[in-house]
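I have placed the structure first, in the form of structure tokens, so that the comments after it can refer back to it.
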Amino acid sequence: MKCGERVLLPKVRDANADTLIVTAGFSCRSQIEQATERRALHVAQVIQLARDYGASGPPGPQPERAAASKPDADAGRRVARAATFAAVAAAGIGGLAYAASRR
């Protein structure tokens, strides 16, 4: 944070509300989110905004609010667990049906 306070974070705090804050680095984005009221965007998110809103960008202050939020890290794991559970349940039901048909 000391390094960020030298130049980066003061510049972000002084930026106009309609200025996009863009970084490619994870640590810079994290510091900006933790130490300012702004959220830095990755270049891919900026491209998404340009695609969705055109050259003028999203309306209003803090245009980063229009960018897609971070994906839920646990969402993929929950989906995988649910799929595994469904597959195990289907295999169990299939096994019971097979056993019942053999009697």
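The values are calculated or read from the model by the stated rules, or taken from the named source; none is laboratory data. The shown structure was predicted, so the numbers you read here are calculated from the model rather than taken from an experiment. As a convention, Cβ positions derive from the backbone with ideal geometry for all residues, glycine included, and neighbour counts pool all protein chains shown. Surface areas here come from the heavy atoms of the whole protein model, side chains and all, with no ligands, DNA or RNA. Shrake-Rupley method; radii C 1.70, N 1.55, O 1.52, S 1.80 Å.
Within the range 1-63, what whole-number % of the accessible surface is contributed by carbon and sulfur, with the 1.4 Å probe and all protein chains included in the calculation?
After summing per-atom areas, the C and S share lands at 56 percent.
For R51 paired with A17, estimate the spin-label separation in nm (one decimal), with each label point 7 Å from Cα along the Cα-to-Cβ line.
Using points 7 Å along Cα→Cβ, the separation is 2.9 nm.
Near the amide H of V22, under 5 Å away, which other amide H atoms are found, from residues 5 or more places off or on another chain, if H is placed in the peptide plane?
Amide H neighbours of V22, under 5 Å, 5+ apart: L41.
Using the Karplus equation 6.51 cos²θ - 1.76 cosθ + 1.60 (θ = phi - 60°), what ³J(HN,Hα) coupling, rounded to whole Hz, does each residue of the range 15-20 give in order, writing x for Gly and Pro?
Rounded to whole hertz, the list is 5, 4, 4, 9, 8, 6.
Keeping every protein chain present and rolling a 1.4 Å probe, give me the accessible area per residue for the range 1-52 in Å².
So the range 1-52 comes to 67 Å² accessible per residue, rounded to a whole number.
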